[in-house]
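Colleague: First the structure, then my questions, so here it is.
Quick note: the coordinates plus some simple rules give every number you see, no bench work behind them. Keep in mind that this is a model prediction, so the values were computed, not measured. For neighbour counting, all protein chains shown are included, and Cβ atoms are generated from backbone atoms with ideal geometry for every residue, glycine included.
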C-alpha cells in the first residue's frame, strides 16, 4: 500500500471514528487509544505534513483573488453549506 493510500485510509477512518482532536488518533492515552493510524506506519508528523500540502483544486478554473467574482464564489459556497445544515438537516422531509 502506498503512502498516499495509507494517508487516505486514515482520513476515511477519521470519518467513522470521531475524536476531539486530530492528534488523538495517534494518542497512547487509554481513553483515546486507537491503533489504526499508527498501524499504517505513518507518523503523526508525517500525516500533518501531508495534510498541509494536500491540494484539491482544479487550477484550470482558478479565479484570482484580485478578480471581484472570486469572493462571490466563496460567499455562494458558504450560503450553500448554511442552507444545507440549517434547513435540510433541521427539516428531513425537505
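Colleague: Can you figure out the FRET efficiency of residue 4 with residue 67, using R₀ = 30 Å and their beta-carbon distance, to the nearest 0.05? Don't skip to the answer; put the middle values down first.
Modeller: On the way: r = 32 Å, r/R0 = 1.07.
About 0.40, to the nearest 0.05.
Colleague: Give me the Debye-computed log₁₀ of I(q)/I(0) at q = 0.14, 0.21, 0.30 Å⁻¹ for the range 3-52, equal point scatterers on Cα only, no solvent, two decimals.
Modeller: Scattering profile of the range 3-52, log10 relative to I(0): -0.29, -0.68, -1.38.
Colleague: Could you list 17, 66 so that the one with the fewest beta carbons within 10 Å of its beta carbon is first and the one with the most is last? Intermediate results must be reported in sequence, preceding the final value.
Modeller: On the way: 17 12, 66 6.
Ranked by crowding around the Cβ, least crowded first: 66, 17.
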